[in-house]
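Undergrad: Structure in structure tokens, see below.
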Amino acid sequence: MAQLARKRTALGLYSLLLVLPTLVLGGLHWRQLRSEQSAELNAIPVQAEEAGRRLVRGIRQRLDYLLDAENARPFHVYQEHIYPKGLMGPNLNFVPSELKTDKPPDGVLGWFEWDFPDGVDANYELFGGAREGLEDWESEEMEFADTVEELIEHDWLDGFPKRITRYFNLELSEVALSFAVVNLTEETDFECLLNEEPVLRKFDDLFVEIFKYDFHVRFYLEDDGSPRLIATRLIMVEGEPTLRHMPNCYANLANGATFIQGFFIDPNWFFGELPMELAAQLFRGNETFHPAGSDRLAQTTEQVVERIFPVDALEFETYEPRDANYGALQISISTAEIRERHRRQTRGFLAVALMLLLSLATGMGLLLRSVRRDLDQARRTENFVAAVTHELRTPVSAIRLYGEMLRDGWAASEEKQSEYYVRIVGEAHRLETMVERVLEKSQISSVEVQPQPGDANTFIREFLDRDQKAAFDVRSELDVDLPPVMMTPEALRSILTNLIENARKYAPPGGDVGRDERILVRTGVEAGRPRLEVLDRGPGIPDDEKRSVFEAFYRRGDEATRRSRGTGLGLHLVMVQAQSIGGDVEILDRPHGGSIFRVYLRRAQA
């Protein structure tokens, strides 16, 4: 029993060491999988924000490039005609300004300039560059003129401090006074310039400073909802007091000059074409761009939306708070593909976990079955050892007892001595039978049996005739049509001996009156298969033990309380012998009580 307890303990520890690491590793893997999935989903809003920042940076860079290019334009080109520096000579030769002859760059609709100190009555000029259709510019020029007039009025109403403080990044430069006078004189004074040209040459060696500020961008919506995106800069020219005593065409710079110069940025380009172009370059595969004017997207579990307001993001000056929300751009990232991949990963993990659990359950089942079988075998072995010990002790003790009685002269008469000799021989035969059965099991397992065709009925008759007890407790019903079968005398003898002895042991005669309780040995054919049966009137065998009784050393009950003798090898030898000649054995319930031990025999070939 101690050995069985150790095996059960070992089984429990083995099961714990097998199942516990599997559960721990599976739980850790599941936790890691869920953590990675959660981290990936949590990274989507961050990705959307980063995509928005990339787009804003791209727009800012393109806008800065445009502003830098325009800021590089000289102040004097904001005129219908200019006098280039390279043409300074004895004669004044004016040429058209580049703002009249060059095609506007992408994003620029036109240019303008007005005199800053003149207030709401300031004169302004518009420049549209070289366009393909003159009629298009004439219609746009009227709209731009109204816009410039509104801008002049708005700037004047802002007051001087705000008008000045909106401009930053001052750049200083010097130009010849004669160059500044010529280019800043109105064309109506051109005759004056020609007449006073000799005087003008006196100023070739004098210079004035030019104060130029970078462009400042502002955005607003007109009353009709039209967007206006305008960039302006402040230009100041240093005054020269000596010009006050000169002709009028020179005197206009005596007190210096202040101008507002600017250009119109194309809203369609800035809010539409530019973001679309940048999105195609900067966005990744799962990032979708929705241009300005698209329907507002809802934030759901299936998509993450990032909204960008370029006016607010680039810190443009606005007139109304609502202007900052114009032209909203949207970036959406769908989480459907990620969630579907997560579902596939989860299903895969669960499938693997299920397979692993099934494997563990199957392995544990097989292990438990094997261990249970080993435990049963160990228990049967212990029972066998106990039975063999008892079976050995009884005949040995009897032989010793009768021998000592004969030696000490207790049996004085010949009749008594003969009785003791018979008992000694019987006990020796009993001991020999037990030893032969143990040896028979070993021999059958190690030696290959070669069955031969034979007549089973003839062998059974001869066997029963030799059995001294068959006259009163065994009868036979042999089928005369039984065909030849594959057999060996040793196998059939062992089968008959063990089945009859088993019946005698558990179903002894002398029971109910009027019922034939003798052991019946019969043969027959069922579905073309020859069979040998031994029928008894014993207590029967439960269905759940009808296969177990054929296992080695198996005996019902406990050796400590069992009254019947035996080692648990009889029925096992019946099964082994039947299988050795190509047959099989089964147990059936006999009508009106008892059991039928049926042995199927292999039919001999014709």
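The values are calculated or read from the model by the stated rules, or taken from the named source; none is laboratory data. Values in this document were obtained by computation on a predicted structure and should not be read as measured data. Note that each Cβ is placed from the backbone with ideal geometry, even for glycine, and that neighbours are counted across all protein chains shown.
Undergrad: So Val525 fits all but one of (1) modelled with pLDDT of 90 or more; (2) touching a strand residue (DSSP E or B) at 6+ places or on another chain (Cβ under 6 Å); what number is the exception?
TA: It fails just one condition, (2).
Undergrad: Being of a type in the set (Gly, Ala, Ser) and over 29 Å from the mean Cα position of the chain (by Cα) is the filter here, so list the residues in segment 255-287 that pass it.
TA: The initial filter retains those residues of segment 255-287 that are of a type in the set (Gly, Ala, Ser), namely 256-257, 262, 272, 279-280, 285.
Scanning segment 255-287 gives Gly256, Ala257, Gly262, Gly272, Ala279, Ala280.
Undergrad: Let me ask something additional. Filter segment 549-582 down to residues that are of a type in the set (A, V, I, L, M) and part of a loop (DSSP other than H, G, I, E, B) and give me whichever is modelled with the lowest pLDDT.
TA: Ala560
Undergrad: Follow-up. Do you know which of the residues in segment 248-292 that are in contact with a Ser or Thr (Cβ under 7 Å, 6 or more places away or on another chain) and not assigned by TED's automatic domain parsing to the domain that holds Gly128 is surrounded by the most Cβ atoms within 10 Å (Cβ to Cβ)?
TA: Only one residue fits best here, namely His290.
Undergrad: Looking only at segment 306-364, which residues are part of a helix (DSSP H, G or I), of a type in the set (Ser, Thr, Tyr) and within 29 Å of Ile44 (Cα to Cα)? Show your work before the answer.
TA: Here is the first cut: in segment 306-364, the ones part of a helix (DSSP H, G or I) are 310-313, 321-325, 336-364.
From what is left, the residues that are of a type in the set (Ser, Thr, Tyr) are 346, 359, 362.
Selection gives Thr346 alone.
Undergrad: Within segment 69-96, how many residues turn out to be modelled with pLDDT of 90 or more and assigned to a loop (DSSP other than H, G, I, E, B)?
TA: Result for segment 69-96: 4.
Undergrad: I'd like to check something: does segment 288-298 contain any residue that is within 30 Å of Phe271 (Cα to Cα), under 27 Å from the mean Cα position of the chain (by Cα) and polar (S, T, N, Q)?
TA: Yes, there is a match, as at least one residue in segment 288-298 is within 30 Å of Phe271 (Cα to Cα), under 27 Å from the mean Cα position of the chain (by Cα) and polar (S, T, N, Q).
Undergrad: For segment 578-606, enumerate the residues that are over 18 Å from Tyr506 (Cβ atoms) and of a type in the set (D, E, K, R).
TA: If the condition is that a residue be over 18 Å from Tyr506 (Cβ atoms) and of a type in the set (D, E, K, R), then Asp584, Arg602, Arg603 are the ones that fit.
Undergrad: Can you confirm whether Val24 is touching a helix residue (DSSP H, G or I) at 6+ places or on another chain (Cβ under 9 Å) and more than 19 Å from Thr346 (Cβ to Cβ)?
TA: No: the conditions fail for Val24.
Undergrad: Out of curiosity, is Glu222 under 23 Å from Lys162 (Cβ atoms) and surrounded by fewer than 14 Cβ atoms within 10 Å (Cβ to Cβ)? Before you say what the answer is, go through the steps one by one.
TA: Details: under 23 Å from Lys162 (Cβ atoms): yes; surrounded by fewer than 14 Cβ atoms within 10 Å (Cβ to Cβ): yes.
So Glu222 fits the description; yes.
Undergrad: Counting residues that are in contact with a strand residue (DSSP E or B) (Cβ under 7 Å, 6 or more places away or on another chain), which helices (runs of 4 or more DSSP H) fully inside segment 191-284 reach at least 1? So that I can check it myself, show each step before the final result.
TA: Working: elements: 197-200, 248-251, 274-282.
Fully inside segment 191-284 and qualifying: 274-282.
Undergrad: Only one of Asn248, Asn268 is at pLDDT below 85, at negative phi and among the polar types (S, T, N, Q). Can you tell me which? If you could, list the steps in order and put the result at the bottom.
TA: Working: Asn268 fails: at pLDDT below 85.
Just a single option satisfies the conditions, and that option is Asn248.
Undergrad: Looking at the structure I just gave you, is Thr147 touching a Lys or Arg at 6+ places or on another chain (Cβ under 8 Å), among the polar types (S, T, N, Q), modelled with pLDDT of 85 or more and assigned by TED's automatic domain parsing to the domain that holds Ile265?
TA: Spelling it out, Thr147 is indeed touching a Lys or Arg at 6+ places or on another chain (Cβ under 8 Å), among the polar types (S, T, N, Q), modelled with pLDDT of 85 or more and assigned by TED's automatic domain parsing to the domain that holds Ile265.
Undergrad: Can you pull out the residues in segment 366-407 that are modelled with pLDDT under 70 and either more than 58 Å from the chain's Cα centre (by Cα) or exposed (fewer than 14 other Cβ atoms within 10 Å of the Cβ) (or both)?
TA: Within segment 366-407, Val385, Ala386, Ala387, Val388, Thr389, His390, Glu391, Leu392, Arg393, Thr394 meet the criteria.
Undergrad: Search segment 529-546 for residues being more than 19 Å from Ser494 (Cβ to Cβ) and over 60 Å from the mean Cα position of the chain (by Cα), and hand back the single one that is surrounded by the fewest Cβ atoms within 10 Å (Cβ to Cβ).
TA: Pro539
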